[in-house]
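Below you'll find the structure, written out as structure tokens, and then a few comments.
Laboratory data are not the source of any read-out in this text; all were calculated from the coordinates shown. These numbers come from a predicted model, not from an experiment. Here the Cβ is made from the backbone with ideal geometry for all residues, glycine too, and neighbour counts use every protein chain on show.
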Amino acid sequence: MPTLFVVIPVFEEPHTLEPCVRRAVAAPLPPGWNARLLLVDDASGRATAEIADRLAAEYAAQGRLELIRHPRNRGKGAALRTGFDRALALADASDAVLTQDGDLEYDPADWCRLLAALPPEPMAAVIGDRWAMGAVPGVWRKLHAVVNATLTRLSNLACGLRLHDMECGFKLFRTPLLRAIRPWMSEDRFGVEPQMVAALARVRARVAEAPVNYDPRDRRRGKKIGPLDGLRAVWVILRERLRRLPPAARS
């Protein structure tokens, strides 16, 4: 039976972490699949850390959740790399690895839709499309959609893919593909999103898309990405277009 390894990076999410994990544990899966959560706490403070400890104590014995901690805050990209490395140490070629933010902007109920869209070949991935579900209400949300569309177009021009939502936090990889692109990942913060997409293009992966639900939040509700991260994304897109060797090979 294949396993879906779900990497959940989390930093200072005391209000959303528990409902996110409980929804993830209860999320429906296609027949023949089971899920294992890899929760990576990126050096959160006491409130979030205590919730993570309690959830780990509840679900670890069932093999449903494993808690990994960073001793210092390193960023979302670093937390994803930590989770990916753990997943790859456990997974075989029939498994898949999914990214799931811990802030409940993305609904674990959409995992079924993502898995249903996953092509059968080993070098295959699915990226969610938040904008396929309809219009985005509100001025801030529309601005957010415009910025994301601009970054996606730039990414598509640079790497040759035809995605609609490059920055989507739902990215699903078959294990052989993740092994192939993992050496190309080095971004510690949100620049990891365009870097992963550039790596998919570099290895000529087959990339599908699936519509997903999206409940965006603003900074008052804990949104952490900001304008500097958008500028960093532009830099990463351009840099990855010119890169010839993985970051580790260049050092």
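At 222 nm, what value in deg cm²/dmol follows for the chain if DSSP H runs of at least 4 each add -39500 (n - 2.57) and the sum is divided by all its residues, to the nearest 500?
Numbers: 9 runs with 105 residues, N = 251.
The per-residue figure over the chain is -13000 deg cm²/dmol.
For the pair Ala149 and Leu88, what calculated FRET efficiency results from E = 1/(1 + (r/R0)^6), where r is the Cβ-Cβ distance and R0 = 30 Å, to the nearest 0.05?
Values: r = 32 Å, r/R0 = 1.07.
Approximately 0.40, to the nearest 0.05.
Let me have the relative contact order for the stretch 3-250, percent, based on Cα pairs under 8 Å that are six or more residues apart. Don't skip to the end; give the middle numbers.
Numbers: 450 pairs, mean separation 57.0, N = 248.
Taking the mean separation of contacting Cα pairs over the length of the stretch 3-250, I get 23 percent.
Add +1 for every Lys or Arg and -1 for every Asp or Glu among the other residues with Cβ under 9 Å from the Cβ of Thr48, and state the total.
-3
How large is ³J(HN,Hα) for each residue in the stretch 177-189, as worked out from phi by the Karplus curve 6.51 cos²θ - 1.76 cosθ + 1.60 (θ = phi - 60°), to whole Hz, x for Gly and Pro?
Coupling constants for the stretch 177-189: 5, 4, 4, 6, 9, 4, x, 8, 8, 9, 5, 8, 10 Hz.
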